[in-house]
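Undergrad: Following this message is one structure expressed as structure tokens.
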Amino acid sequence: MGFVYLLHFSDEIGNLENPKGSAQHYLGYTSRSLKKRFEEHKNGIGAKITRAVVQDYKYELQLVRHWSDSTRKTEQKFKRRHSPVSFCPICNPQKNITNINCKQQKSTKVKNVKLSASVVGEKPI
Ligand SMILES: [Zn+2]
């Protein structure tokens with residue numbers, strides 16, 4: 001078990017994996033310490049795209065969300081089903097507010113729960 005996590009870049013870069021698009025997020029998985037993994041990203045270790053962000057573009061990385069008790073499969077599901085931007089509280093402040101409400105009002109939580117509404121500590125999808 002580990003963490004699926006979402007990094008937000010301070011600005012958009014050309015997407016190395018999809019030359020047609022641009023990217024402002026990185027969705028990753030680690031079975032180790034999330035903090036250490038994030039430090040590695042900031043130091044340009046581990047992923048081509050985040051290395052380009054910090055070293056070539058000199059943009060900042062922000063760890064904006066993470067999902068505990070996750071596996072590689074969780075990461076793949078996330079990547080297949082959703083664009084990372086839909087999980088980002090910075091790019092989607094509206095959605096984030098909804099999530100916070102969901103967390104506080106447990107009675108309404110079951111209604112309209114989408115993948116993006118899963119929060120830290122919940123079971124992986
Ligand atoms: Zn974002």
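The values are calculated or read from the model by the stated rules, or taken from the named source; none is laboratory data. Quantities reported herein were computed from a predicted structural model and do not represent experimental measurements. As a convention, Cβ positions derive from the backbone with ideal geometry for all residues, glycine included, and neighbour counts pool all protein chains shown.
Residue by residue, here is whether (1) touching a Leu at 6+ places or on another chain (Cβ under 7 Å); (2) of a type in the set (Asp, Glu); (3) not in a strand (DSSP E or B) holds:
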site: Tyr5; (1), (2), (3): yes, no, no
site: His8; (1), (2), (3): no, no, no
site: Glu17; (1), (2), (3): no, yes, yes
site: His25; (1), (2), (3): yes, no, no
site: Tyr29; (1), (2), (3): no, no, no
site: Arg32; (1), (2), (3): no, no, yes
site: Leu63; (1), (2), (3): yes, no, no
site: Trp67; (1), (2), (3): no, no, no
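Okay, residues lined up against (1) among the basic types (Lys, Arg); (2) touching a Ser or Thr at 6+ places or on another chain (Cβ under 6 Å):
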{"site": "Glu12", "(1), (2)": "no, yes"}
{"site": "Gly21", "(1), (2)": "no, no"}
{"site": "His25", "(1), (2)": "no, no"}
{"site": "Phe38", "(1), (2)": "no, no"}
{"site": "Lys58", "(1), (2)": "yes, no"}
{"site": "Gln62", "(1), (2)": "no, no"}
{"site": "Asp69", "(1), (2)": "no, no"}
{"site": "Arg72", "(1), (2)": "yes, no"}
{"site": "Pro84", "(1), (2)": "no, no"}
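Undergrad: I'd like to verify a number: residues in segment 66-87 that are over 16 Å from Ser31 (Cα atoms) and either touching a residue at least 24 places away in the same chain (Cβ under 8 Å) or within 14 Å of the ligand (Cβ to nearest atom) (or both), how many? I'd like the intermediate steps shown before the answer.
TA: From segment 66-87, those over 16 Å from Ser31 (Cα atoms) are 77-87; that's our starting set.
Those left that are additionally either touching a residue at least 24 places away in the same chain (Cβ under 8 Å) or within 14 Å of the ligand (Cβ to nearest atom) (or both): 77-79, 81-87.
Number of matching residues: 10.
Undergrad: Among the numbered criteria (1) hydroxyl-bearing (Ser, Thr, Tyr); (2) at pLDDT below 80; (3) within 16 Å of the ligand (Cβ to nearest atom), which one does Tyr57 miss?
TA: Status for Tyr57: all satisfied but (2).
Undergrad: How many residues, within segment 1-29, are more than 12 Å from the chain's Cα centre (by Cα), farther than 13 Å from Glu60 by Cα and touching a residue at least 12 places away in the same chain (Cβ under 8 Å)? Working first, answer last.
TA: Going residue by residue through segment 1-29, those that are more than 12 Å from the chain's Cα centre (by Cα) are 1-2, 10-23.
Filter again for farther than 13 Å from Glu60 by Cα, leaving 1-2, 14-23.
The next check asks that each one be touching a residue at least 12 places away in the same chain (Cβ under 8 Å); those that pass are 1-2, 15-17, 23.
The qualifying residues number 6.
Undergrad: Another one. For segment 34-54, give me each residue that is in a helix (DSSP H, G or I), more than 16 Å from the ligand (Cβ to nearest atom) and more than 14 Å from Gln24 (Cα to Cα).
TA: Within segment 34-54, Leu34, Lys35, Lys36, Arg37, Glu39, Glu40, Lys42 meet the criteria.
Undergrad: Would you check if there is a residue in segment 67-75 being over 13 Å from the mean Cα position of the chain (by Cα), within 24 Å of Lys42 (Cβ to Cβ) and either modelled with pLDDT of 50 or more or among the β-branched types (Val, Ile, Thr) (or both)? Write out each step before concluding.
TA: Going through segment 67-75, the residues over 13 Å from the mean Cα position of the chain (by Cα) turn out to be 69, 71-73.
Going one step further and asking which of them are within 24 Å of Lys42 (Cβ to Cβ), we end up with 72.
With the extra rule that they be either modelled with pLDDT of 50 or more or among the β-branched types (Val, Ile, Thr) (or both), the set shrinks to 72.
Yes, segment 67-75 contains a residue that is over 13 Å from the mean Cα position of the chain (by Cα), within 24 Å of Lys42 (Cβ to Cβ) and either modelled with pLDDT of 50 or more or among the β-branched types (Val, Ile, Thr) (or both).
Undergrad: Okay, next question. Any residue that is touching a Phe, Trp or Tyr at 6+ places or on another chain (Cβ under 8 Å) and modelled with pLDDT of 85 or more - is there at least one of those in segment 87-97?
TA: Yes; the residues of segment 87-97 include at least one that is touching a Phe, Trp or Tyr at 6+ places or on another chain (Cβ under 8 Å) and modelled with pLDDT of 85 or more.
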